[in-house]
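The values are calculated or read from the model by the stated rules, or taken from the named source; none is laboratory data. Every value quoted in this text rests on a predicted model; they were computed, and no experiment measured them. Reconstructed Cβ throughout: ideal geometry from the backbone, glycine too, with neighbour counts over all protein chains shown. The protein model used for the area step is the full one, side chains on, heavy atoms only, and it has no ligands, DNA or RNA in it. Shrake-Rupley method; radii C 1.70, N 1.55, O 1.52, S 1.80 Å.
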Number of protein chains: 2
Amino acid sequence: MNYQETFENAIEALRDEKRYRVFADLERIAGSFPKAIWRAENGLEREITVWCSNDYLGMGQNKSVISALTSTAEAMGAGAGGTRNISGTNHPLVQLERELADLHQKEAALVFTSGFVSNEAAISTIAKLLPDCLILSDQLNHASMIAGVRGSGVAKQVWRHNDLEHLEDLLKAAGNERAKLIVFESVYSMDGDVAPIEQIADLADKYNAMTYIDEVHAVGMYGERGAGICERDGVMDRIDVIEGTMAKAFGVMGGYITSSQAIVDAVRSYAPGFIFTTALPPSLAAAACTSIRHLKTSQIERDMQQRQAQQTKEKLAAAGLPVMPSQTHIVPVLVADPDLCKKASDMLLEKHGIYIQPINYPTVPRGTERLRITPTPLHDDGLIDGLCDALVDVWETLGLTKGTVDANCRIVAEEGRPQAALYPAAGG
Amino acid sequence: MNYQETFENAIEALRDEKRYRVFADLERIAGSFPKAIWRAENGLEREITVWCSNDYLGMGQNKSVISALTSTAEAMGAGAGGTRNISGTNHPLVQLERELADLHQKEAALVFTSGFVSNEAAISTIAKLLPDCLILSDQLNHASMIAGVRGSGVAKQVWRHNDLEHLEDLLKAAGNERAKLIVFESVYSMDGDVAPIEQIADLADKYNAMTYIDEVHAVGMYGERGAGICERDGVMDRIDVIEGTMAKAFGVMGGYITSSQAIVDAVRSYAPGFIFTTALPPSLAAAACTSIRHLKTSQIERDMQQRQAQQTKEKLAAAGLPVMPSQTHIVPVLVADPDLCKKASDMLLEKHGIYIQPINYPTVPRGTERLRITPTPLHDDGLIDGLCDALVDVWETLGLTKGTVDANCRIVAEEGRPQAALYPAAGG
C-alpha cells in the first residue's frame with residue numbers, strides 16, 4: 001500500500017477530467033462591492049469585478065451589518081468559547097433564533113455554523129426519529145441534503161426534479177400510514193428554477209407526509225419581509241421545516257432551521273452535528289440579526305436585484321449568448337464542456353478583469369457545465385454592458401456555441417460548433 | 001403516523017432520563033473574562049464566573065485578536081460571500097492556511113468552518129480514497145471523528161482507549177498490505193488524559209498504517225510554539241494528518257487539517273462537506289491568524305494556564321472532592337449521576353454565581369457524569385478558592401460522594417453515599 005501515490009493519483013484523475021479546481025485568492029473591498037483585489041498565482045494583484053458572489057444583495061458590506069459585527073466583537077470578544085451546551089450559547093445567538101422564528105412565522109429556530117451542517121444534521125436527525133421513515137428527495141437536491149439523507153440511514157426514493165406526478169406516485173405507493181419526509185428546495189441555485197411548493201404541500205396533506213424545504217437561495221430576496229419563496233407564495237405555514245442561511249443574501253455566515261417547538265427541540269437535542277460543535281460567535285450572530293431585520297422592512301435591495309438580473313438576462317440573450325431559462329435572480333450561461341468552461345472563466349478574469357467561476361461536475365451534471373452569473377443591486381447598467389461585451393469576446397475567441405437553451409438544457413445553436421447537453425435521469 | 005407526537009415523545013424520553021439540556025444564555029464581557037452576564041429563564045440578569053469555557057487561554061478577548069477581527073470586517077465586509085471555489089476564498093484565509101501549515105511544519109493546511117466538519121469531512125474522504133481501507137478508531141474518539149468514520153462507509157475496528165497492545169493486535173491481523181488509517185486524539189477532552197503518540201507512530205511504521213490525530217484540545221496550549229502535544233513530544237513529522245481548531249485555545253472559530261500537499265489537495269477536491277459550504281469570513285480568518293502568531297512566541301498564557309490548572313486540582317483534591325486523574329489542563333470532578341450532576345450545576349449557578357455545565361451522556365458514558373472545569377490563565381487564585389468553597393458547599397448540601405477517583409473512574413469514597421461508575425467496554 002503506497003498512501004502518497006494513492007492521493008496523488010486521485011488528484012491526477014481530476015486534472016485529466018479537466019475539473020481540478022483552482023481557488024481565486026480574493027480580497028473584497030467593503031464599500032466598493034462588487035470590486036475586489038485578485039492575487040494571481042504569479043503574485044500580481046489586480047482589481048476585478050466579482051460576478052458570481054452569493055452575497056446576493058451586497059449585505060456583507062452593509063454599514064449597519066459591519067457595525068453590529070465589530071461592536072459586538074469589541075464588547076463580547078472573538079469566539080463563542082464553547083458548544084451551545086457548554087458555555088457557548090451567547091445572547092446575540094438567542095436573539096437571532098427569535099428573529100428567524102419570527103421571520104418564518106414558526107414557533108422556534110435553531111442556528112448551525114453553516115447551511116451544509118443544518119441540512120445534514122436536521123434531515124438525518126428528523127428522519128432517524130421517525131419510525132420506518134421514507135425520504136422522498138428531489139433529484140436535484142443540494143449535496144448537503146443528500147448528505148443528510150445518507151446520514152439518516154433510512155430508505156429513500158428520488159423523484160424526478162419538480163415532477164409532481166412522480167412524487168404523487170411515490171407517496172401513494174408508500175401509503176398514508178408510513179412516515180414520509182419530502183425534502184426539496186425552493187430555488188435550485190445552479191439553474192434558477194423554482195419548486196411548485198403549494199402543490200407539493202397539497203400532496204403532503206393528501207398522503208400525510210412531512211415537508212422540509214431548503215430556501216437558502218431565496219431568503220432575504222423573496223417575500224414581503226424576505227422570508228423566501230414560501231412567503232411570496234403564501235405557503236409558509238404549510239411547510240413543516242424551513243431551512244435557510246445567513247451566508248448568502250444576509251451576507252454573513254451560518255445556517256438554520258425553523259419549525260415547530262417540538263421538531264426544533266428534537267434536532268437541538270439529538271443531532272451530533274449540532275451538539276458537538278462550537279457555537280457561532282456573538283459578532284456574527286449580531287451581524288446576521290441586523291441584516292435580517294434590515295431586509296424585513298427594506299424593499300429596495302430586492303427590487304434592484306430583480307431589475308439588474310432581468311437586465312442581465314435580456315442583454316446577454318440579445319447578444320446571442322446561451323442564457324439558461326431561469327425564473328429567478330440566477331443567470332446561468334451554458335458552455336457544456338468542462339475544459340472550455342474553465343478556459344472561458346480564465347479568459348474573463350485575465351483579459352477582462354471579470355471573475356465568474358466555472359461550474360463543473362459534481363456541482364452540476366456532466367455536460368451541463370456553465371458560467372453562473374449572479375447580478376446584485378450593485379452591478380449597475382454599465383457593469384452589465386461590460387459583462388456582455390466581455391462574454392461575447394470570449395464566446396467568439398473560444399468558438400463557443402451561441403443560441404438559446406431549451407428545457408432539456410440543450411443549446412439550440414445559431415452559430416459556432418454544435419454542442420448538446422442533457423440532464424441525466426439519475427441524481428438526488 | 002402522528003409526526004408531532006413522535007417528536008414530543010423523543011423530547012420526553014430525554015426528560016425522563018434527566019438529560020434534557022437547557023442552554024445558559026450568556027453574554028461574555030471582553031476585558032473581564034471569565035466574567036459574563038447570565039440571563040435566567042425568568043428574565044433576571046446576573047454577573048457570573050464561567051468555569052467551563054473552551055476559550056482555554058482567554059484569547060477570545062485578546063485585544064490584538066479582536067482588533068484583527070474588526071479591522072478586517074471594516075475593510076472586507078462581513079461574510080465571505082461564497083464557497084471556497086465560487087468567490088469565497090479570501091486573502092486572510094489563504095494566509096491562515098499558510099500559518100497553520102507552518103505551525104505544524106507540514107506542506108499544506110485546509111480550513112473548515114468547524115472542527116466537527118474538519119474531522120467528518122477529512123476522515124471520511126481520506127478513508128474513501130484508500131482502496132479497501134480499514135479504520136482503527138480509539139474507543140473514546142470524539143463524535144465528529146465517529147461521524148467521519150461512519151460517513152466513509154469503510155470497515156472499522158475500535159481499539160480499547162489508549163491500549164497499544166490491542167491496537168497492535170488489530171494492525172497485525174489486518175496485515176501490512178491492507179490500507180489502514182489509525183484515528184485518535186492527543187488530549188481526550190472529557191478526561192484530560194493523553195495518547196501515547198510516539199508508540200502509536202512506531203506501530204504505524206511497523207505495520208504500514210496511516211495516522212490521523214485530533215489535537216483540538218491541545219493546539220495553542222502545548223509545545224514550544226503551541227502546535228500541540230505532537231510538538232511537545234517531538235513527533236509532529238511522524239503523524240500523517242494533524243487536525244486542530246481555531247475555536248478553543250485560539251479563541252475564534254473554525255477547524256483545520258494539516259498534512260502533505262497531496263492529502264490536503266485530495267480532501268480539498270473530494271470532500272462534499274468542504275466543497276459545498278460557504279468559506280470562513282475574512283474577519284475570523286484574520287483573527288485566528290493573529291491569535292496563532294501570538295501564541296507561537298508568547299509562553300506566558302501556557303505557563304499560567306498550567307499553573308492555575310495545577311492549583312485547582314490540588315485545592316479541590318485537598319478539600320476531598322473527587323477530581324479525576326487528568327494529565328492536562330482539564331479538571332473533571334466526578335458526580336456519576338445525571339440528575340445530581342444537573343442539580344450540582346444548577347446550585348453552583350444560582351447560589352454561587354459559578355457556571356459549570358453538567359456533562360452527561362452522550363458526551364460521556366452513562367455513570368461517569370461529571371463537572372468539567374477548565375481553569376484559564378485568567379482564573380486567579382482568589383477565584384480558585386471561591387470555586388473550591390462553592391463546590392464543597394454543593395457536595396455537602398446534595399450529599400455527593402467525596403473521595404479520590406481510581407483509574408476505572410470509580411470513586412474511592414471517604415464519606416457520603418457510596419457510588420460507583422465504570423467505563424463501558426464498548427464505544428468508539
Practice task
Would you kindly work out the equivalent ellipsoid of the protein assembly as shown from its C-alpha gyration tensor and give its semi-axes, the square roots of five times the eigenvalues, largest first in whole Å?
Solution key: 44, 29, 27
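Tell me, what does the Kirkwood hydrodynamic radius of region B:133-236 come to in angstroms if you use every pair of distinct C-alpha atoms?
Evaluated over region B:133-236, this radius sits at 13.9 Å.
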Handout entry: Shielding of B:63-75 by partner chains, average beta-carbon count, 10 Å
Key = 5
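Nearest 5 percent is fine: what portion of the DSSP beta bridges confined to chain A is antiparallel?
Values: 31 of 50 bridges.
That works out to approximately 60 percent antiparallel.
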Practice task
Using every Cα-Cα pair within region A:144-185, state what percent have a distance larger than 16 Å.
Solution key: 39
Handout entry: Overall dimensions of region A:177-322 as given by Cα atoms, namely Rg and Dmax in Å
Key = 17.3, 54
Completion exercise
Charge dipole of the protein assembly as shown built from unit charges on the beta carbon (Lys, Arg +1; Asp, Glu -1), centred at mean Cα; most positive-end Cα among A:VAL50, A:THR404, B:MET1 is A:VAL50
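Calculate the dipole size of region B:141-276 relative to its Cα centre from +1 charges on Lys and Arg beta carbons and -1 charges on Asp and Glu beta carbons; express the result in debye to the nearest 20.
On the way: 12 positive and 20 negative charges, 106 e Å.
With Lys and Arg at +1 and Asp and Glu at -1, about 500 debye.
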Problem - √(5λ) per eigenvalue of the Cα gyration tensor, chain A, largest first, Å - result: 34, 28, 22
Handout entry: Accessible surface, chain B, averaged per residue in Å² (probe 1.4 Å)
Key = 33
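Indicate the gyration tensor shape class of region A:1-159 (rounded, prolate or oblate), computed on the Cα atoms with a ≥ b ≥ c the square roots of the eigenvalues: a/c under 1.5 is rounded; otherwise a/b larger than b/c is prolate and the rest oblate.
oblate
Rounded, prolate or oblate, given the Cα gyration tensor of region A:186-254, with a/c below 1.5 counting as rounded?
Details: a/c = 1.94, a/b = 1.88, b/c = 1.03.
Because a/c hits 1.5 or more and a/b exceeds b/c, region A:186-254 counts as prolate.
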Problem - Solvent-accessible ranking of A:ILE300, B:ILE257, largest area first, probe 1.4 Å - result: A:ILE300, B:ILE257
Problem - Order of exposure, largest accessible area first, which applies to A:LEU110, A:LEU340 with probe 1.4 Å - result: A:LEU340, A:LEU110
Practice task
Quick one: among B:ARG21, B:ARG307, B:ARG370, which has the greatest mean-square fluctuation in a GNM of chain B with alpha-carbon springs under 10 angstrom?
Solution key: B:ARG21
Exercise for the section: Taking the dipole about the Cα centre of region B:188-255, with the C-beta of Lys and Arg at +1 and of Asp and Glu at -1, give me whichever of B:HIS217, B:VAL241, B:ALA201 is farthest to the positive side. Expected result: B:HIS217
Fill in the blank from the handout: Given Cβ charges of +1 for Lys and Arg and -1 for Asp and Glu, the option among B:LEU181, A:CYS230, A:ALA121 whose Cα lies farthest towards the positive end of the dipole of the protein assembly as shown is A:CYS230
Fill in the blank from the handout: Losing no less than 20 Å² of accessible area (probe 1.4 Å) relative to the isolated chain, the residues of region B:83-123 are B:ARG84, B:ASN85, B:ILE86, B:SER87, B:THR89, B:HIS91, B:THR113, B:SER114, B:PHE116, B:VAL117, B:GLU120
Handout entry: Residue-averaged 222 nm ellipticity for the protein assembly as shown, from DSSP H runs of 4+ at -39500 (n - 2.57), nearest 500
Key = -13000 deg cm²/dmol
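Using Cα-Cα distances under 8 Å and only pairs 6 or more residues apart, what relative contact order does chain B have, in percent? Walk me through the numbers before you get to the answer.
Numbers: 893 pairs, mean separation 83.0, N = 428.
Computed over chain B, the figure is 19 percent.
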Problem - Nearby lysines by direct alpha-carbon distance to A:LYS156 (threshold 19 angstrom, same-chain neighbours under 8 apart not counted) - result: A:LYS128, A:LYS172, A:LYS180
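Going by average Cβ density within 10 Å per residue, which order do the peptides B:164-176, A:279-291 take, highest to lowest?
Working: B:164-176: 15.6, A:279-291: 30.6.
By packing density, highest mean first, the sequence is A:279-291, B:164-176.
Any idea what the dipole of region B:148-224 comes to, in debye rounded to 20, about its Cα centre with Lys/Arg Cβ at +1 and Asp/Glu Cβ at -1?
Roughly 520 debye for region B:148-224.
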Completion exercise
Any aspartates and glutamates whose Cα falls less than 12 Å from that of B:LYS18, other than same-chain ones fewer than 8 residues away, would be B:ASP337, B:ASP339, B:GLU369
Exercise for the section: Could you check which residue among B:MET190, B:MET76, B:MET145 shows the biggest mean-square fluctuation in a GNM of chain B with a 10 Å Cα cutoff? Expected result: B:MET76
Problem - Accessible surface of B:ILE11 - all protein chains present, 1.4 Å probe, nearest 10 Å² - result: 10
Exercise for the section: Please list the helices of chain A that count as membrane-span-like by this rule: a mean Kyte-Doolittle hydropathy of at least 0.5 together with Cα atoms stretching 24 Å or more along the helix axis, each helix being a complete DSSP H run. Expected result: A:381-398
Exercise for the section: Write down the radius of gyration of region A:250-310 and its Dmax, each obtained from C-alpha positions, in Å. Expected result: 15.7, 44
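Is there a quick way to get the dipole size of the protein assembly as shown? I mean about its Cα centre, with the Cβ of Lys and Arg at +1 and of Asp and Glu at -1; what is the value in debye to the nearest 20? Can you show the working numbers first?
Details: 80 positive and 112 negative charges, 37 e Å.
So the dipole magnitude of the protein assembly as shown works out to roughly 180 debye.
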Practice task
Run down the lysines and flag those whose C-alpha is under 24 Å from the C-alpha of A:LYS296, throwing out any fewer than 8 positions away in its chain.
Solution key: A:LYS63, A:LYS106, A:LYS248
Practice task
Using a 10 angstrom cutoff on alpha carbons, build the Gaussian network for chain A and name the most mobile of A:GLN199, A:GLN310, A:GLN157.
Solution key: A:GLN199
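Taking a cut-off of 26 Å, what percent of all Cα-Cα pairs in region A:268-420 are separated by more than that? Walk me through the intermediate numbers first.
Working: 4537 of 11628 pairs.
In whole percent, the share of Cα-Cα pairs in region A:268-420 beyond 26 Å is 39.
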